[in-house]
Amino acid sequence: MDFKFSEEQERFRQEVRGFLEGEIRQGLWQPSCDAWIQGYLPEFTKRVAERGWIGLAWPKEYGGQGRSNIDRLILTEEMLRYGAPAACHWFADRQIGRAILAYGTEQQRQELLPKIIKGEAYVGLGMSEPEAGSDLASLRTQAVEDGDDYIINGQKMWASCGMFMNYIYLVARTDPEAPKHRGISEFVIATNLPGITITPTMDITGSTAWAEVFFDSVRVPQRYLIGEKNHGFYQILNQLDYERAGLERLMGNYPLFDAIIKFTKETKQNGKPLSQDALIRSKLAQLQVEFEIGRLLTYRVVLVIEEGRAPNVEAAMAKAYSTAFEQHLASTAMDILGLYGQLVAESKWAPILGMAPHSYLGSKGYSLQAGTSEILRNIVAGRGLGLPSK
Amino acid sequence: MDLSLSEEQEMLKKMARDFLTNRCPKTLVKEMETSEKGYSPELWQEMAGLGWMGLVLPEKYGGGGMSFLDLSVLLEEMGRSCLPGPFLSTVVLGSLPILDIGNEEQKREYLPKIASGEAIFTLALTEPNAKYDAASIAVKATADNNDYIINGTKLFVPDAHIADYLLCVARTNELAKPENGITIFLVDAKSPGISCAVLKTIASDKLYEVVFDQVRVPKKSILGQLDQGWSEVQKIIERAAVAKCCETLGGIQQMLEMTVDYAKERKQFDRPIGSFQVIQHYCANMATDVDGSRFSTYQAAWTLSEGLPCTKEVAIAKAWLSEACKRVTALAHQIHGAIGVTIDHDLQFYTRRANAAEATFGDADFYREIIAQEMGL
């Protein structure tokens, strides 16, 4: 047992912090709460790529650094702590690159991985559809073989990074006759192909959080099918484990935590800082307890990955737990701010950059994205505890 | 970063589980709850024979030279089996403070006796106001030539009736800061003037009121420095809180396993109740609470064991456990249904211990305030 990071890992953490603090000092971006990973800045992604920090844990032969998943954990933890605008590379770095590594052909790896690593391929996610949410296997988007190509027709929703992606990871039905789990395949395709239309979806805060993507007879060469045809659903399940595995499920609104603590120290009521109020101390300390538990549950997930196992039950547990923490953080911050909590960023008098209401409203979705908390509990109960399905 | 037990610790865990499954069945637990002693001297000697009492003591005092983390593994298994008796009192509250701040003579006199299972120790710390802060120490020790005379009442003292020695935390000086002027005395439990009255508790463990009436102890029985005992008391409380977390963790892990097993077997509406999603989600919530308890407890135990500053880690663990065990207990009962609230079902042993553990060595509020300080609030 060892609950410490090694000296080398701590040095890496300092290096990442130094870089991020430098960026903030230069005014290149402002830290923000970003639970959807919406904040994107291509130049930032480029600078991260120059440091070799995209594909950090991927094999060197494809341009990765071959570093450990614990190093990647440290990197992402610091990115989240500072609310860095990392969306351009986040999804590819987290799950798509890994899927290509696991299931892609040599040609796909050679073509796509270097682009991701250089910070040039912004891969969005095309999974959910109007009729396929938690029940992803009921998706209807079709890919029909036509000579050396597939012709894709259908619609995707809730595409993360949808408005600025130049590639999309897409799951589509390739065998309409087969049982629904057994006729699905995975693709990674460029979004500039003819027949693709992308329209924004605004979330409850008014931010463009996702996109709808329409496919109208989009012709895709067969070589962009990833892995085994009709076996895509089983490949996705593995990928979803990684989608849920990270600290972004715990630290999506972390800058709000720092900000509300600072706020209570600096704001006086009846001549005393709010931070000396017993009730407020207790609330913030409780958040700290919950945060530390989430951190441990997520560290466990990363150690599972590092062992070479897919973090299935562990990731489901950590994600369901951690998004509840994020919601509790947002709700507590609103309680502390009282009437001021309703003031959004652009408003006169808005405290802490309006982060609290933004996060509070947005937090309703934290427990829905990447597997609802209900689906995740099903995984913990069924696969983790062995409870029967009937 | 490594969250797993070492091979040796896994072996210790398995050995402890096998031994306790065999030697500490619920029939014994039940019997001990109503017995006057509250523990089995035969079992106690067997445990001493296995080297458990001296596990963390240096070899020169008859111990096994292992770490606090190793001891934590053992404590978890003891919690899992509801082991009755003065193990935590003797080892965690008694031997470790002597090892910390005792002089060589005291170590040589007491530690080998603890390791061999010959002597039982406990700590007389809390008083009728039931708090773990320095200002609450009102039991007085007054110098009288080469002796001190102790007067006052200690409450919630575990295992006092069978203890050979008490570590008594007493006020020796009234100074401006309540933390100053506190001294720990090593008191022979048979000293004239000490009387114990048993308290009837939800856990049916053995807690006592201990009244000190003109109890005369020699000066050499001071453990550590005169008037400067509070920093060690804080260490004792921290260590005891971690030990209590370990025991509680063992208990709630067992509750989770019992409950999942029951949900798989119990049929209603022609299907196992564990196939209903609501029951599955309850179980998933329990598992999350138990895993959170596991990692936070072992983080605290590891940090303490490594000799690193551990105030925050201990506070996180105990603040979490004190509330997680409420939730786990409630769901275990909800899933077990009415059978679980009968006195004949094993679940009740765990429920009563978990509920008692919530406040012991500091409740969630107590530790949240410590965390608030650590956060710089």
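Computed from backbone phi, the HN-Hα couplings of region B:6-15 come to 6, 4, 5, 5, 4, 5, 4, 4, 5, 4 Hz, rounded to whole numbers (Karplus: 6.51 cos²θ - 1.76 cosθ + 1.60, θ = phi - 60°; Gly and Pro given as x).
Shielding value for B:294-307 is 3, the average number of Cβ atoms from other chains within 10 Å of each residue's Cβ. Computed 3J(HN,Hα) for region A:2-19, one whole-Hz value per residue from the Karplus formula 6.51 cos²θ - 1.76 cosθ + 1.60 where θ = phi - 60°, is 7, 9, 9, 8, 5, 4, 5, 5, 5, 5, 4, 4, 5, 4, 5, 4, x, 4, glycine and proline marked x. As a proxy for reagent exposure, ranking B:Leu93, B:Leu331 by other Cβ atoms within 10 Å from fewest up yields B:Leu331, B:Leu93.
The Kirkwood radius of region B:7-119, taken over pairs of alpha-carbon atoms, gives through the Stokes-Einstein law at 10 °C and 1.306 mPa s a diffusion coefficient of 111 µm² s⁻¹. Consider all pairwise Cα distances in region B:231-374 and report the whole-number % of them above 18 Å. Of all Cα-Cα pairs in region B:231-374, 56 percent lie more than 18 Å apart.
Rounded to the nearest 10 degrees, the inclination of helix B:347-357 to the longest alpha-carbon principal axis of chain B is 40 degrees.
Among the chymotrypsin sites (Phe, Trp or Tyr not before Pro) found in region A:305-390, those both in a DSSP coil and sparsely packed, with 14 or fewer other Cβ atoms within 10 Å of their Cβ, are A:Trp349. For A:Ile226, the residues whose modelled amide H falls within less than 5 Å of its own, excluding neighbours fewer than 5 places apart on the same chain, are A:Glu186, A:Phe187, A:Val188.
Between A:Gln30 and A:Thr201, the contour length at 0.36 nm per residue exceeds the Cα-Cα span by 59.2 nm. Working value for region A:138-206: equivalent-ellipsoid semi-axes of 24, 16, 9 Å, each the square root of 5 times a Cα gyration tensor eigenvalue, largest first. Can you give the translational diffusion coefficient of chain A in µm²/s, computed by Stokes-Einstein from the Kirkwood radius over Cα pairs at 4 °C and 1.567 mPa s? Diffusion coefficient, whole number: 59 µm²/s. Sparse packing (at most 12 other Cβ atoms within 10 Å of the Cβ) combined with a DSSP loop state is found for none of the trypsin sites (Lys or Arg not before Pro) in region A:182-260.
Pairs of lysines in region B:123-228 whose Cα atoms sit within less than 22 Å of one another amount to 19, provided the residues are eight or more positions apart or on different chains. In straight-distance terms, cross-link reach from A:Lys115 covers every one of the lysines whose alpha-carbon lies under 21 Å from its own, apart from those fewer than eight places away in the same chain; here that gives A:Lys46, A:Lys60. With only Cα atoms counted, region A:304-390 has Rg and Dmax values of 17.5, 56 Å.
Between B:Phe361, B:Phe295, B:Phe185, the Gaussian network model of chain B with springs among Cα atoms under 10 angstrom shows the greatest mean-square fluctuation at B:Phe295. The equivalent ellipsoid of region A:244-384 has semi-axes of 32, 16, 12 Å, largest first, where each one is the square root of 5 times an eigenvalue of the Cα gyration tensor. For region B:180-313, the fraction of C-alpha pairs farther apart than 25 angstrom is 56 percent.
Amide H contacts under 5 Å for A:Arg67: A:Ala57, A:Trp58, restricted to partners 5 or more places along the chain or on a different chain, H placed in the peptide plane at 1.01 Å from N.
Across all directions, the shadow cast by the convex hull of chain B built on its C-alpha atoms averages 19.5 square nanometres.
For region A:22-31, 3J(HN,Hα) computed residue by residue from phi via the Karplus equation (6.51, -1.76, 1.60; θ = phi - 60°) reads x, 4, 5, 4, 6, x, 6, 6, 10, x Hz, glycine and proline entered as x. Can you list the residues of region B:128-144 with backbone N under 17 Å from a point 7 Å past the Cα of B:Gln234, pointing along Cα to Cβ? Correct set: B:132-137. Look at the alpha carbon pairs under 8 Å that are at least 6 residues apart: their mean separation over the length of chain B gives a relative contact order of 15 percent. Rounded to the nearest 20, the size of the Cβ-charge dipole of the protein assembly as shown about its Cα centre is 780 debye, with Lys and Arg at +1 and Asp and Glu at -1. With the biggest extent put first, the Cα atoms of region A:7-121 measure 42, 32, 22 Å across the principal axes. Taking amide H positions as modeled 1.01 Å from N, with prolines and chain starts lacking one, the residues under 5 Å from A:Asp149 and 5 or more places away or on another chain are A:Gln222.
Helix content alone sets the calculated 222 nm mean residue ellipticity of the protein assembly as shown: runs of n ≥ 4 DSSP H residues at -39500 (n - 2.57) each, divided across all residues, give -14500 deg cm²/dmol. Counting only alpha carbon atoms, the long axis of helix B:311-336 and the longest principal axis of chain B meet at about 40°. If you average 1/r over all unlike Cα pairs in region A:240-325 and invert the result, what Kirkwood radius do you get in angstrom? Roughly 14.2 Å, rounded to one decimal.
What angle, in degrees between 0 and 90 and rounded to the nearest 10, separates the Cα long axis of helix B:364-374 from the longest principal axis of the Cα atoms of chain B? The helix B:364-374 is inclined about 70 degrees to chain B.
Across region A:147-164, the residues whose backbone nitrogen lies under 12 Å from the label position 7 Å along the beta-carbon direction of A:Glu111 are A:149-150. If the segment from B:Asp133 to B:Arg216 were pulled out straight at 0.36 nm per residue, it would be longer than the present Cα-Cα gap by 27.3 nm. Inter-label distance, B:Glu7 to A:Ser134: 4.5 nm, where each label sits 7 Å from its Cα along the C-beta direction.
Each pair of Cα atoms in region A:66-210 enters the Kirkwood radius, and Stokes-Einstein at 4 °C and 1.567 mPa s then converts it into a translational diffusion coefficient of 78 µm²/s. The tail of the calculated P(r) for the protein assembly as shown beyond 48 Å holds 28 percent of all Cα-Cα pairs.
Just so you know, all these numbers are worked out from the coordinates, no wet-lab data involved. Just so it is clear, the model here is predicted, and its values are computed rather than measured. When we count neighbours, we look across all protein chains shown, and the Cβ atoms used for this are built from the backbone with ideal geometry, even at glycine.
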